[in-house]
Structure formats: structure tokens, C-alpha cells
């Protein structure tokens, strides 16, 4: 079976991701269906020329990997980061396809981006880059074709610039992007959704074992929107946030981090996590130090491959009971193998961080209906959908007599939905 991966052996991220997926459910896989899932339906590569403020021309590569439309229109984020290449985008698009399949919404999977670094660029430079990127991408997207969203390096500002250029080129105001600002027909609650959803599904997991997040010691890596809003919701539900980090280091507070204060520093004032300082706070210089902190729940929310088998060993020794992925593939392949051999309950990102795409689906509905949904409605639906998603995975895990293997159950549930859709459309 693994021989069908041979064409991708030089694409390290994509090969490892698909190998892990196939290995976890090998006894259930049909080779022909898997071949269809391994090859993206369409990969678009293009140049993105743009002018610096000093008039100097720069050129970057832009990409869009439209992986699968078996279940619906392509859906997935756009990432601007120097590390972006086709290998990374293919692995992210594959994961997005599986995640979207789990949601139960009629959505396919995609991912896009450019090897452009927005850090240190002026607002005008970022605007010109976004407009140039859209000058090519607009041909391949649309409200019922491919609906991008934000990702690393792409927030409300960048989405606004790209949406504006699309509208100018197409002369149509439609829901071609999700994650838009509210005055551009965005969704109230979308910004909080991935972090809030991570806590809702973690609570549902704990409830299954007659437990709750209340009074649990929680550590969270990353203090972007996902990490901060996960911390906020966990604290609101009675958890104690004992450690968080960003690229500048790790903060530890045994009494619990003041999340509202940290959000003010990080999101409003643009400061680093080291600027958070209370009498009870300890500052550690290394981002990896966070995995040394005793906890009940660990939520890796920063980036892929941030938690390796050595970090996992520390978490295990320190009594960690739950790991739920807020980022995409934050555990290395070796760490995933190792965690499945422990008593830690592990929720993979394709399930745990699905809150973002679930609310993107709600935003698409809002735009299609020319309606406006309030925050309370969105948050209520998010909670219900995350609970339903976990229940479906739990049911599948019990069905295959592996009741705590949520990775295997998630992969199989997504695969079965995609396989049925592919076969029913006469593709094979």
C-alpha cells in the first residue's frame, strides 16, 4: 500500500503526513480511492511582482493547492511566510480536506499562500503585495468554487485588501473570503472561534470520562488568536492557565495568568509575552520551557512540529492527562507515535481546531442569505457543532474497538466520507 506514496517521497512534509494518515487506518483503505486523495485536483503556481516603498521591484512565488472538491467547494486559508513552499501547502491542504470532512459541512479542502514575509513591511507594501497576489488568484476562486481565509501572516487587514481587489476585478460583492471584518460582511465570533472551539471539544472529551476542565492546570503554547482565545474560554470555564509562550519566551504563574491583561498586551498593544509581569510571574527564556511545567492539559497552539518526543516525555512525567492540538500538526510524527502509547488522551488538530472552519461555514451561510448573525448565535452553534464533532469521533472509536484512539477514529471518519463521495460521483 505504501508504494503509492513513492511519487511524493521527496516532499518531506507531505509524505510524512500522508504516511501517518494511511498507516493509522491501513486495514480500511481502498488503494484506488487513496490514490485519488493523494493527488491534488489542481495546483496553481504563479509569480507575484510588487513594489517596495522605495520603488524597487520584488517578486515572490504565489500558490493555491486545490486538493479536493469531493464534498464541496475548496476551502482553506492563505499563508504569507518565508517558509511557504508547495510541500508545506500540500500537507496543509490534505489536512484541511480531512478536517473539513469531519465537520459535516459541504466543504472541500485547499490551502494557499506565498513565500512573502509581511514582518517589517509597511502597510502600503502589504497592500500592493495582496493586490498583486489577487491579480492572479481571482481567476480560480469564487463563493461556490474556492473560498479562502486567513492563516499565518494573513489577518483581517490582508483579507480586506485581497477581498477589495477581487471585488474590483470581478465587479461583484460576494462571500468569496471568510474571516472578513464585520463591516465587510464578516462574522461576529469568527476571530474567537478556533480557540473557543478547542476548549469546547476538550470539555466534551473530559465529560466523556466524567470530568471537567474546571480547576485543571492548563499550559498553552503560542499567544496568537488561537492561544489567547483558548486561554480566555478555558479561564471562563474555571481552568487555571499556568503557562503560555511566544517567540520571546515562556511565562509561568502558578496562581493563573491574567488572560484579559495578556490579551491587552498582545493584541491591543502589540507587545511580547515577556512584557506581562506580575509579582507572581516567572519568565523563562526558552519557548520550549513550557513543556517542563506540570499540567493537566496541554494545548499546543503555535505551529507545526513544535512538540517532539522529548517534550512529550516531560509532559508524561509531569502528569499531563490531555493534549489537544490548537495548531495544525504541532506534534512531530515521532511524538504522535509516542503519545498513542501513553495514557494521555490525544485530540488531533483536524478535530480539535475545527472551530475556525465551522464558523467559516456559518459565515458563508450568512453571506449567501444576505443576513447578519449575532455573536451569541454563532457561539452557541460553535459549541453545539464541536460537541457533535467529538461525539461522531467517539462513536467511530467505539465502533472500531479502539475507544481512546481519536487520531485513528478521526482519520477513518474523514476517509469514509470522502471515499463515499468520490465513488458516488463516478470518479473511479
Among the residues of the range 39-87, the number that are in contact with a strand residue (DSSP E or B) (Cβ under 8 Å, 6 or more places away or on another chain), in contact (Cβ under 8 Å) with a residue 40 or more places away in the chain and not in a strand (DSSP E or B) is 5
Reported set for the range 39-89 where residues are over 21 Å from the mean Cα position of the chain (by Cα) and more than 26 Å from residue 127 (Cβ to Cβ) is 39, 41, 42
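Would you check if residue 91 is part of a helix (DSSP H, G or I), over 19 Å from residue 413 (Cβ atoms) and touching a residue at least 60 places away in the same chain (Cβ under 8 Å)? Even if it seems obvious, please write down each step before you answer.
Numbers: part of a helix (DSSP H, G or I): yes; over 19 Å from residue 413 (Cβ atoms): yes; touching a residue at least 60 places away in the same chain (Cβ under 8 Å): yes.
Yes.
Can you say whether residue 396 is assigned to a helix (DSSP H, G or I), free of Cβ contacts under 8 Å to residues at least 24 places away in the same chain and crowded, with 17+ Cβ neighbours inside 10 Å, as far as the supplied structure shows? Give the steps one after another, and end with the answer.
On the way: assigned to a helix (DSSP H, G or I): yes; free of Cβ contacts under 8 Å to residues at least 24 places away in the same chain: yes; crowded, with 17+ Cβ neighbours inside 10 Å: yes.
Considered against the rule, which asks whether it is assigned to a helix (DSSP H, G or I), free of Cβ contacts under 8 Å to residues at least 24 places away in the same chain and crowded, with 17+ Cβ neighbours inside 10 Å, residue 396 comes out as yes.
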Only one of 98, 36, 22 is part of a helix (DSSP H, G or I), more than 21 Å from the chain's Cα centre (by Cα) and either more than 16 Å from residue 350 (Cα to Cα) or modelled with pLDDT of 95 or more (or both), namely 36
inquiry  = When you scan the range 312-328, do you find a residue that is out of contact with any helix residue (DSSP H, G or I) (no Cβ under 6 Å at 6 or more places or on another chain), in a loop (DSSP other than H, G, I, E, B) and closer than 16 Å to residue 224 by Cβ, even just one?
reply    = yes
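Please verify whether residue 265 is in the same structural domain as residue 308 (by the TED database), surrounded by fewer than 22 Cβ atoms within 10 Å (Cβ to Cβ), part of a helix (DSSP H, G or I) and touching a helix residue (DSSP H, G or I) at 6+ places or on another chain (Cβ under 6 Å), treating the condition exactly as stated. It would help to see each step written out before you state the result.
Numbers: in the same structural domain as residue 308 (by the TED database): yes; surrounded by fewer than 22 Cβ atoms within 10 Å (Cβ to Cβ): yes; part of a helix (DSSP H, G or I): yes; touching a helix residue (DSSP H, G or I) at 6+ places or on another chain (Cβ under 6 Å): yes.
Answer is yes for this residue.
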Conditions (1) surrounded by fewer than 24 Cβ atoms within 10 Å (Cβ to Cβ); (2) in a loop (DSSP other than H, G, I, E, B); (3) touching a strand residue (DSSP E or B) at 6+ places or on another chain (Cβ under 6 Å) -> residue 257 fails only (1)
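May I ask you to say which residue of 158, 136, 125, 174 is touching a strand residue (DSSP E or B) at 6+ places or on another chain (Cβ under 8 Å), part of a helix (DSSP H, G or I) and surrounded by fewer than 18 Cβ atoms within 10 Å (Cβ to Cβ)? Steps first, answer last, please.
Working: 158 fails: surrounded by fewer than 18 Cβ atoms within 10 Å (Cβ to Cβ); 125 fails: surrounded by fewer than 18 Cβ atoms within 10 Å (Cβ to Cβ); 174 fails: part of a helix (DSSP H, G or I).
Matching residue, one of 158, 136, 125, 174: 136.
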With criteria (1) more than 24 Å from residue 426 (Cβ to Cβ); (2) out of contact with any strand residue (DSSP E or B) (no Cβ under 8 Å at 6 or more places or on another chain); (3) surrounded by fewer than 22 Cβ atoms within 10 Å (Cβ to Cβ), residue 21 comes up short on (3)
Out of (1) crowded, with 17+ Cβ neighbours inside 10 Å; (2) over 19 Å from the mean Cα position of the chain (by Cα); (3) closer than 26 Å to residue 379 by Cβ, the one residue 354 does not meet is (2)
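The values are calculated or read from the model by the stated rules, or taken from the named source; none is laboratory data. All values reported here derive from a predicted model rather than from experimental measurement. Cβ atoms come from the backbone with ideal geometry, glycine included; neighbour counts cover every protein chain shown.
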